[in-house]
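Here is the structure we will look at.
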Amino acid sequence: MKSTNLGAFEEIVLMVIGILGQNAYGVTIIEELEKQTKHRPSVGSLHAALHRLENKGFVESKESGATAERGGRRKRYYKITATGKSTLVKAHELRDVLIKLIPDLGI
Amino acid sequence: MSAPIPPKWPFWILSKVCSDRQLEILYGDAIEIFQRRVMTKGVGKARLLFIRDTLSSIKYFSLKWSGNQRSLASTLAIYKNYLKLTLRSFSKNRLATNINFFGLVVGFFAALLIAQYAIYEMNYDHFHEDYDRTYRVSFKRVQNNQIAFHGATTFLPVGPTLLEEFPEVYNQSRFYYPFAHGVFNDREKAHHIEKPVFVDETFFEVFSFKLLEGDSESALAQPNSVVLSETLAKKFFGSKDALGRQLRFSFEDGAAELIVTGVMQNRRSDSHLQLDVLMSMKTLRQWPTFKSSEWSLPFFHTYIQLKDGTNPQVFENKSGVILEKFRKENIGDGISESFILQPLQDIHLDSHLTFELEENGNRQAINFLILIAILILVIVYLNFINLTTALSSLHAKEVGIRKVMGSHRKQLIPRFLIEALVMNVIAFLIASVAVVLSLDYITALTGIYFELTTDLSLWSMFFGVVMLGAVISTLYPTIVLTAYEPITVLRGKFSLGDKGSLLRRILISTQFAITVAMIGGMILISQQTDFLLTKDLGFKSEQLLVISAPQEVSENGDYLSSLRSFENGALNRASIHSFTSSSSVPGKVLSSGTIGGVGDKNEEEVSLYFNSVSYGYFETYGLTFLSGRPFSRSVLSDQQGIILNHAALQSLGYGENDNVIGEKIIDRGTEFEIIGIVNNYHHSSLKTSYEPIIFVLRPARPLYLSLNVSTSNLEITLEELAREMKLHFPADPFEYFFLDQVFDQEFKAELRYGDLLKGFSFLAVILAALGLFGLSSFLITQRTKEIGIRKVLGATPANLFSFLSSFFLVPMVSGGFLACAGLYYFGSIWLRSFPFRIELQWLVFLAPLATVLLMTGITMVVQTIKAQRILPAETLKNE
C-alpha cells in the first residue's frame, strides 16, 4: 500500500521543485533549499526524500544532461505531477484553516 | 592547471552497495557540488565534505537490494526448492545416501570422541586460578654426564629459600607424602589412607581447590591440623559435623592427635593432585624426621608461583645458585645439580620423573590418538568425495535441464553444496548427540574417564572444521557435476572421461595407505602389548597375599615381638606357606637414596633403590640367586649384610665376572657386606628398565606383609588371618590385596589403550571398504558402455574382474608401499621407547596388505557380478 502522506521536509522539497521549474535536479535543489531555509541537506537525505516523493507519485523524473562538471554523469530532473500539485495545495489549505483556529495567535 | 579531483575510494564503496541507477545520479550530484565547493571553500575542505556527501548517500533507498523484494523472495524460493530436491535425492538413492551418511556419522563420532578426550587430557590443572604462573621445582643431579637423579621432588627448604632470595617468586607451597599409607583412627575404627600429605598453609592460595568448611587462610596454619575431603569426612564422621573433631594419625615416623580444621571438595579427576587428606606442614616438623638432613633428602614436591613477566627459563638457570650455596659439599667434580621448572599444566602429560604423585598421562599416546582422528576424518572425506562423485551421474540430467533453462554454472553450485552441507550438518549433529549419550557407556567399556568440554567455542570449532571439510570435499564433485555439457548429458551420455582420473587415483592411493598403516600399527601395538603381558616378571606373583603392615603398637608390647607372634600364629595354619615383611612389594614404590663409597675405592655416591626386607623375602617371591645366598637367621652378621640385584651390581660399577660376594660397602660410616646377588625382576613396571635395588635386612617397621597362601578355602584363611592380626594389633585395620591383581591393573590400562586403537583401526577399515565400494560403483557407471562392448566381444566374468581390478592395482601398490615405509620408520621409533620390546616382524606389513587385498578382491567380485548383469543390448542401444 502506498502512502500518500506528505512529510514536512518532503513538502518543502516539493515546493522548491515547483519554484525551480525546468531546472530542478539534485544540486540546484540543495542550493535553493539552502538559500530559502538556511539549512543545507546532504546529498543522501535529499535523494532519499526525492525517492519517497517519486514513489508517492508527487514528482516525476527524467534523466539527461551529462556534463563534464559531473564527470560525465547524467542529472535527474524532477517535475511536480498534478497529484503533487493538488496535494501541496490541499496541505496548504488545511494549514490555513488550522492556523486560524488557534486563538492566541491573533491572525 | 588540471582541475582538482575528488578522492576515488568513496565511488568504489558506493559502487559495491548502491544500485546502478541511484549510483550515477548520487555520485554525479556529489561531484558537481565538489567542483562548486572547490571554488568557494578550497580543495581540502571540499574533499572532506565530498566524503561526507557520498557516504551519507548510502541509505536504504539507494542500496542494491532494496526495492527489490521480489528477487529476494525468489532467491529464498530457489533455496527452498534446493532443500526439497536434496531430500528427494536422498530418498531416491537410499542405499548410496545411507552408505555415505553412515560413513560420515561413524567418522565424526570417532573423531569427536578422540578430540574430546585429547582436550580433556590437555587441560589438566587448568582450573587453578594462576595455573600459567605456577611451576613445580624438580631436582636434577647429573654425574659423569649421566642423570643420577631427576625427581619431581626436592629438598625441604627449597621453596621458602627461593621465595626469600628471588623477588620473582611470589608464593610457594610444598607437599610431603610418606612413602606408605598412614593410619587414621577415629576412635571407632582405623582406616588406612594412601598418600596422606603434609602441605604448607599456602596450599589453598597456590591451588584452587575449594574449601567447603573451615577457613582457607588458617586451616593449615597450626600444627596437628588436618583437612579432609568431603567423602573422607563422611567416611570418618558420617553425617555429623567434621570440623573440630579429633583423629589419631600414625605412620612410620611418628603419630599425632589431629584436629579437623577443614573439609575440602573431593578429588578432581582433571588434576594431577589426587588428595584426600592434607595435614599442616608444621605437624611434620615436630618430628625429628628431616631435622638433620634438610638439604640432603629430596622428598618434597615444591610448587612456586612466578610474578607476571618472569621468564621461567631465565629464572630456572639462576635458581641453581641456592644449590651451590647450600649443597656445596655434595657438588664436586663431574657432578652438577640444577632445578628444572615444570609448568603446572604440563605435569600430567609430560612429567615422568621419580616420585611422581600419580602415574601421569602420556602425551605421545594423546598425539597418536589425534593423528588417528585426523586420519579417520581424511578417510571420511575421501569417501564422501568418491561416493558423491559416483552419484553425480544421477544428477547429470538435472544439470542438463537446468542449464537449458538458463542456469549459470555459478547458480548450480549452491544446489549441490546444499546437498552436501545438509548431509554433513545432520551427520555432525547425530554424532555429537551420540558422543554425549554414549560417554558413560564408553567409560564403562574402556575404563577411560573423561568429561566433555562445556566450552561452546570448542564445539563451534569442531563444527567449523567439519563444515570446512564438507565444503572442501564437495568442491570436486560439484565442479564435476556442473561441468556437464547440456547437449551431451541430455543425449544420455555422461561419461567424465579421464579428466579427474589422476586426482581419483591419488585419493584412492591415500586411502589405501592410511588403511594399511592403521592395520599395521594396530598389529604392532598389540604384539608389543602381548609381549609385555606374557613376559616373565622375574618373581612369583601367584597366590601372594599382601597385607598392609600394622602401624600401631599395642599398649603393652613392643612392635617387633607382636609382629613375630603374628607371624608364628599365621604360619601355624596349613594354608599359609610363608610369611615375610618388607618396605616395598612389586608394583609399589621403592624408596630411593644414595649410597656412599663402595669397597675401598671411596667413590662418588650412587643413586639406588632400597627395599628393607625380613628373612624369607627371597624365598616367598621366588627370586633366583646368581651367586651368594639369602639372609639367614642363623648367621648373625647378616644384620650387616646386603643383597643386590643384577642391575644394582652394574650401577655400582662391578663387572660381569667380578666375584663380589664378601665385598664391603661403606655408607656413611657403616660397613655392609655383600652376601648375595639376585636376578633382575620387574619391580614397578614393564615399561621401564630394571631398577637397581639394594635389599637390606631391617627389622624396623615394615609396610607390607607378604604371605604365600593356598587358594583353597581362601575365605576362611582370610577370616582367620584377620582374627589373628586383631589379636596382636587391635588398633590396625586388616587390609590386603593379591599381588597379581596389582600387575593386572597396570596391564589393564595398557590393554584398554590397545583395545581403543584396535577399535578405531577397525573403524578405519570399514570406512575404507565403504569408500572402495563407492569408487568401484562409480567406475562401473562410467564404463557401462565399454563393459557392454567387451561383453559383446566375448569377455568372461574373469576378464571383467581383471579389467575392473586393473584400475586399483597401481594406487594400491603405491599406497601400500608408502604405508609400509611409514610403518617401518615410525614403528621403529615407537618400539625404541620400550626397554623391553619385540622386533619388527613381517606380519606387521604383510597382514594389512593382505587385508586390503582381500577387501578389494571381495568388492571387485561383487562389482563384477553387477557388471555381468548389465545387458549389452540395453547400454549400447542409446546414441
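Quick rundown of the values:
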item: Qualifying residues in the stretch B:317-346 (those that are among the β-branched types (Val, Ile, Thr) and modelled with pLDDT under 90) - the one surrounded by the fewest Cβ atoms within 10 Å (Cβ to Cβ); result: B:321
item: The stretch B:279-303 residues that are within 18 Å of residue B:329 (Cβ to Cβ), paired with ones that are among the charged types (D, E, K, R) (beta carbon under 6 Å, 6 or more apart); result: B:295/B:327
item: Options B:110, B:148: the member that is more than 14 Å from chain A (Cβ to nearest Cβ), under 27 Å from the mean Cα position of the chain (by Cα) and small (Gly, Ala, Ser); result: B:110
item: Selected residue (criterion: nearest to residue B:521 (Cα to Cα)) from residues of the stretch B:791-821 that are part of a loop (DSSP other than H, G, I, E, B) and not hydroxyl-bearing (Ser, Thr, Tyr); result: B:795
item: Residue satisfying condition, being within 14 Å of another protein chain (Cβ to nearest Cβ), aliphatic (A, V, I, L, M) and assigned to a helix (DSSP H, G or I), within set B:104, B:55, B:162, B:85; result: B:55
item: Selection from the stretch B:203-229 of residues that are buried (at least 17 other Cβ atoms within 10 Å of the Cβ) and among the charged types (D, E, K, R); result: B:205, B:213
item: Which numbered condition residue A:15 fails, given (1) more than 14 Å from chain B (Cβ to nearest Cβ); (2) touching a Ser or Thr at 6+ places or on another chain (Cβ under 6 Å); (3) touching a residue at least 60 places away in the same chain (Cβ under 8 Å); result: (2)
item: Any hit, the stretch B:2-23, residues being at the interface with chain A (Cβ under 7 Å from one of its Cβ atoms), farther than 26 Å from residue A:55 by Cβ and either without any contact (Cβ under 8 Å) to a residue 12 or more places away in the chain or surrounded by 14 or more Cβ atoms within 10 Å (Cβ to Cβ) (or both); result: no
item: Matching option when the condition is at pLDDT 80 or above, surrounded by fewer than 15 Cβ atoms within 10 Å (Cβ to Cβ) and of a type in the set (Lys, Arg), among B:540, B:493, B:499, B:535; result: B:535
item: Flag for residue A:76 being modelled with pLDDT under 85 and either within 10 Å of chain B (Cβ to nearest Cβ) or buried (at least 20 other Cβ atoms within 10 Å of the Cβ) (or both); result: no
item: Unmet criterion (only one of (1) touching a strand residue (DSSP E or B) at 6+ places or on another chain (Cβ under 6 Å); (2) not aliphatic (A, V, I, L, M); (3) not in a strand (DSSP E or B)) for residue B:708; result: (3)
item: Qualifying residue in the stretch B:353-361 (condition: small (Gly, Ala, Ser) and part of a loop (DSSP other than H, G, I, E, B)); result: yes
item: Yes/no for residue B:291 being more than 30 Å from residue B:346 (Cβ to Cβ), surrounded by fewer than 21 Cβ atoms within 10 Å (Cβ to Cβ) and touching a His at 6+ places or on another chain (Cβ under 8 Å); result: no
item: Matching entry among A:33, A:20, A:53, A:88 (being in contact (Cβ under 8 Å) with a residue 12 or more places away in the chain, within 12 Å of chain B (Cβ to nearest Cβ), surrounded by 12 or more Cβ atoms within 10 Å (Cβ to Cβ) and in a helix (DSSP H, G or I)); result: A:53
item: Scan of the stretch B:646-680 for residues that are part of a strand (DSSP E or B) and either under 13 Å from residue B:626 (Cβ atoms) or in contact with a strand residue (DSSP E or B) (Cβ under 9 Å, 6 or more places away or on another chain) (or both), ordered by number; result: B:664, B:665, B:666, B:667, B:671, B:672, B:673, B:674, B:675, B:676, B:677, B:678
item: Whichever residue in the stretch B:841-879 is farther than 30 Å from residue B:785 by Cα, surrounded by fewer than 17 Cβ atoms within 10 Å (Cβ to Cβ) and aliphatic (A, V, I, L, M) and, among such residues, is farthest from the chain's Cα centre (by Cα); result: B:850
item: Unique residue being touching a Phe, Trp or Tyr at 6+ places or on another chain (Cβ under 9 Å) and either within 14 Å of chain B (Cβ to nearest Cβ) or of a type in the set (Phe, Trp, Tyr) (or both) when the list is A:66, A:48; result: A:48
item: Meets criteria (within 30 Å of residue B:591 (Cβ to Cβ) and basic (Lys, Arg)) for residue B:92; result: no
item: Condition met for residue B:268 (modelled with pLDDT under 85 and among the basic types (Lys, Arg)); result: no
item: Residue match in the stretch B:390-403 (condition: surrounded by fewer than 16 Cβ atoms within 10 Å (Cβ to Cβ), at pLDDT below 80 and not charged (D, E, K, R)); result: yes
item: Matching residues, the stretch B:449-490, being touching a Leu at 6+ places or on another chain (Cβ under 9 Å), surrounded by fewer than 17 Cβ atoms within 10 Å (Cβ to Cβ) and in a loop (DSSP other than H, G, I, E, B); result: B:451, B:483
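The values are calculated or read from the model by the stated rules, or taken from the named source; none is laboratory data. These numbers were taken from a predicted model, which means no experiment stands behind them. No Cβ is skipped: glycine too gets one built from the backbone with ideal geometry, and neighbour counts run over all protein chains shown.
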